[in-house]
Amino acid sequence: MQELNQQVMASDEPIIICREMNKWFGDFHVLRNITLEVMPQEVLVIIGPSGSGKSTLIRCINRLEEHQDGRIVVNGIELSHDVQNIAEIRRETGMVFQQFNLFPHLTVMDNITLAPMKVRHWARDKAEQRAMELLERVEIPEQACKYPGQLSGGQQQRVAIARALAMEPRIMLFDEPTSALDPEMIKEVLDVMKELALSGMTMLVVTHEMGFAREVADRVIFMDMGRIVEEGPPENFFSPDIVHHPRTQEFLDQIL
Amino acid sequence: MLESQSMERPADGSPPENLLPAIFRDGRILQGIAQIIFVAIVVLVLNNLQTRINTALESTNQSPNFEFLQNRAGFDIADSGSYSSNDRYIDAFRVGFINTIRVVLFGLVATTVLGIMVGIFLLSRNFLLRTISRAYVEVLRNTPILLQIFAWFFIVIFALPQQQQSFAFPQEGIRSLPLMQYALSLFVILVIWQATGSMRRPAWRNGIRQVSVAVVVLANLLGLVLVGTGTPIEFRPGIYISIKGVAVFELIPSSLFAVWMVFVVVGAVVAIAMSRYFQFITETTGKPIPRTRYALLAFAGFTLLGWLVMGMRPTPSVIPVLDESGEVVEMPYDDAFESGLLTIEQELEYTRQPLLYRPPTLDRRGRNIETGIEISPSYLAVFLGLVIYTSAFIAEIVRAGIQAVPRGQLEASRALGLSQGDMLRLIILPQALRVIIPPLGNQFLNLSKNSSLAIAVSYTDIYQVTNTIINQSGQSVTGILMVLLAYLLISLLISLGMNLVNQRFQLVTR
């Protein structure tokens with residue numbers, strides 16, 4: 001009984017912890033005193049005007065950007081200049097980019113199997129089998145042998161999600177995954193993300209899709225000028241009865 | 001209302017009356033007519049030109065022909081190997097062609113290596129390296145290549161010492177260590193290092209490594225003390241640099257060379273087989289194996305083993321040699337070798353080395369190179385000028401190619417956790433090469449064509465030789481035609497090669 005409790009306790013530990021995190025681009029203070037905890041299986045949506053530092057925040061979590069002050073702990077590993085720690089954190093976090101960033105010289109299949117084979121040292125058979133499962137999950141198994149340039153934007157983004165999932169990460173970071181897509185393709189990508197959220201993946205999503213935030217998020221964070229201005233469950237966030245911080249209200253008035 | 005408007009519009013929009021019949025307003029027919037007119041003009045001009053050339057040549061009694069190529073050339077060519085002035089024009093032409101190929105072939109390899117290096121330095125985070133390479137590129141690509149060839153010839157090479165005071169590498173009188181033995185020791189240590197690499201317990205692994213290094217070092221020391229195997233031997237300089245150019249040692253295949261090559265070939269086959277097998281293992285089990293390293297070790301092992309086995313060949317107890325007084329004396333091979341009485345043929349026959357090292361030597365008067373490979377100053381000037389000038393352009397192409405890979409590609413590779421090496425090899429390089437190869441081909445063509453500037457420093461390339469042929473025979477049309485065809489052949493071969501490489505890196509899009 002004691003042991004079981006400990007296990008439950010362990011899974012109640014936050015999977016991402018940021019404390020008093022600061023970052024500058026030259027003189028520009030992009031992230032100011034960010035303190036944030038994300039629980040396993042939580043879906044966190046980050047919204048805010050452009051230039052508010054929301055993309056930079058999630059890019060700090062897998063060290064695509066370096067934070068200069070404060071602490072970040074991901075999956076129990078301290079993020080520092082230690083290259084082994086960085087490598088380990090990157091193995092446990094998948095990322096989906098606004099511009100997809102698929103490798104144009106590799107087929108869809110090779111895009112997905114590359115990292116599992118090179119980083120996780122899987123056999124090709126296993127990696128390809130897993131890739132086919134993922135392609136079926138994002139509903140484009142018939143595109144496996146094509147090159148990214150032959151796919152539509154929505155299909156490319158779904159391949160990018162499959163590629164990130166192939167590493168079997170514990171955390172998925174989404175950096176405006178639908179912003180570069182045609183309106184009719186946004187839905188197909190959001191559907192995949194919804195399914196992923198329901199399956200219990202820990203997700204940090206930077207997006208302008210308020211419908212997605214309302215429907216899927218466990219918690220919404222509003223950022224402005226490098227600060228977390230307001231956070232709360234989506235029911236509160238998008239409810240007209242709640243009194244918001246004036247900056248949040250201004251932003252919501254503009255987009256809703 | 002609406003209908004009547006649309007009825008009126010064509011009447012308003014079109015000209016009042018058609019000046020030309022419909023057939024002459026058809027774009028396809030107009031294009032066809034333009035092409036016919038153009039071809040007609042070209043044919044007329046060429047025809048006129050040919051008539052004029054023919055009349056001009058007939059008036060000087062020199063109709064273009066190829067028969068004169070069989071006549072005696074009657075002039076000497078530096079850098080010509082076995083050619084002499086008694087050979088035919090066609091032989092002179094061949095010597096020139098080979099000399100051009102010599103510059104272009106080695107030049108292409110050297111300029112590619114140098115250019116890639118400088119190109120990578122241009123992107124270096126090291127300030128000093130980046131600045132120096134930037135200065136290198138800017139100075140070299142902004143000055144004429146003819147000037148640079150002259151600079152190499154008249155400033156750099158003329159500043160070198162006279163032949164008697166040549167720079168020598170390694171310096172005269174240096175003593176060589178038994179390289180073969182050290183290579184073998186190093187190989188043994190490397191193999192043990194690699195073999196223990198997969199051991200789980202660090203204590204055992206380090207223990208085995210330390211003990212084996214100690215044993216190898218001890219064996220070398222003992223050999224030095226007890227048997228004298230490590231005693232240095234006198235080593236003659238292998239490279240001389242002087243105002244007369246560069247003289248480099250030769251490696252001559254001996255009678256054992258063929259047997260040794262068997263070891264080398266078997267080594268290569270084993271290495272390739274090992275590499276394939278380990279790749280198969282990696283694919284099926286996922287276990288990472290440093291297969292290139294293993295393959296190289298296997299290859300080196302066989303090569304060294306071959307050399308060792310060759311060294312065990314018994315030599316005849318005595319061989320006849322001519323001593324200083326010109327009498328035939330019988331003495332053991334090693335004594336004859338020590339006293340330098342062996343002829344080159346005997347050395348090649350009885351040696352225990354598959355390749356015979358022959359340092360450059362001067363003749364009695366100290367003027368001409370007797371053995372070794374001689375590289376003339378004019379070859380050096382042309383070679384250095386072409387290689388260094390072209391490398392500046394290639395450096396820029398390489399820099400641009402690497403920078404053309406979008407940042408997102410690097411971010412995606414990092415986010416997936418790929419190592420730096422994998423990212424460079426699997427993501428950056430294939431995409432950078434796609435951008436680099438077409439302009440690189442242009443630079444290769446430039447280098448091959450710029451090699452005709454060799455005439456400036458009297459390097460006997462095809463253009464220089466043909467110039468002499470034309471002056472002597474008066475066969476300018478044939479001569480120019482032949483040079484033209486020779487350069488065309490070289491250029492087309494380069495283009496063909498680059499197109500084949502280019503095909504491999506094309507992207508598939510919709």
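The values are calculated or read from the model by the stated rules, or taken from the named source; none is laboratory data. The structure presented is a predicted model; accordingly, all values stated were derived computationally and were not measured. Virtual Cβ from ideal backbone geometry, glycine too; neighbours counted across all protein chains shown. Accessible surface is based on the protein model in full, side chains and every heavy atom, while ligands, DNA and RNA are left aside. Shrake-Rupley method; radii C 1.70, N 1.55, O 1.52, S 1.80 Å.
Overview of values
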quantity: Degrees separating the helix B:377-403 axis from the principal Cα axis of chain B, which is the longest one; calculated: 70 degrees
quantity: Helical contribution to [θ] at 222 nm, DSSP H n ≥ 4, -39,500 (n - 2.57), averaged over chain B, rounded to 500; calculated: -20000 deg cm²/dmol
quantity: C-alpha long axis of helix B:257-285 to longest principal axis of chain B, angle in °; calculated: 70 degrees
quantity: Percent antiparallel among DSSP beta bridges (both partners in chain A, rounded to 5); calculated: 55 percent
quantity: Positive-end extreme of charge dipole, the protein assembly as shown - chosen from A:Thr178, B:Ala219, B:Val398 (charges on Cβ); calculated: B:Ala219
quantity: Protection proxy ranking of A:71-78, B:68-75, A:95-102 - average other beta-carbon atoms within 10 Å, highest first; calculated: A:95-102, A:71-78, B:68-75
quantity: Highest to lowest packing among B:214-225, B:300-311, scored as the average C-beta count within 10 Å; calculated: B:300-311, B:214-225
quantity: By average C-beta atoms within 10 angstrom, highest first, the peptides B:273-281, A:43-51; calculated: A:43-51, B:273-281
quantity: Computed [θ] at 222 nm, helices only, for chain A once each DSSP H run of length n ≥ 4 contributes -39500 (n - 2.57); calculated: -12000 deg cm²/dmol
quantity: Set of lysines with alpha-carbon distance to A:Lys126 below 17 Å, sequence-local pairs under 8 removed; calculated: A:Lys118, B:Lys287
quantity: Per residue solvent-accessible surface (Å²) - chain A, probe of 1.4 Å; calculated: 45 Å²
quantity: Helix axis angle, B:429-450 relative to chain B longest principal axis, alpha carbon, degrees; calculated: 90 degrees
quantity: Under 21 Å from A:Lys54, Cα to Cα: lysines that are on another chain or at least 8 residues apart; calculated: A:Lys23, A:Lys194
quantity: Percent antiparallel among DSSP beta bridges (both partners in the protein assembly as shown, rounded to 5); calculated: 70 percent
quantity: Average partner coverage of B:402-412, which counts Cβ from other chains inside 10 Å; calculated: 4
quantity: Gained length - B:Asn502 relative to B:Phe24, 0.36 nm times residue gap less alpha-carbon distance; calculated: 167.7 nm
quantity: For residues of A:61-68, the mean tally of beta carbons on other chains within 10 Å; calculated: 2
quantity: Accessible area of B:Tyr389 in the full protein assembly, 1.4 Å probe (Å², nearest 10); calculated: 40 Å²
quantity: Rounded to whole Hz, the Karplus (6.51, -1.76, 1.60) HN-Hα couplings of the stretch B:41-57, x for glycine and proline; calculated: 5, 4, 4, 4, 4, 4, 4, 4, 4, 5, 4, 4, 4, 4, 4, 5, 5
quantity: Amide H within-cut-off set for A:Val96, under 5 Å, with H built and near neighbours excluded; calculated: A:Leu173, A:Phe174, A:Asp175
quantity: For A:101-108, mean number of other protein chain Cβ atoms within 10 Å; calculated: 6
quantity: Under 5 Å, built H, 5+ apart or other chain: amide partners of A:Asp224; calculated: A:Val229
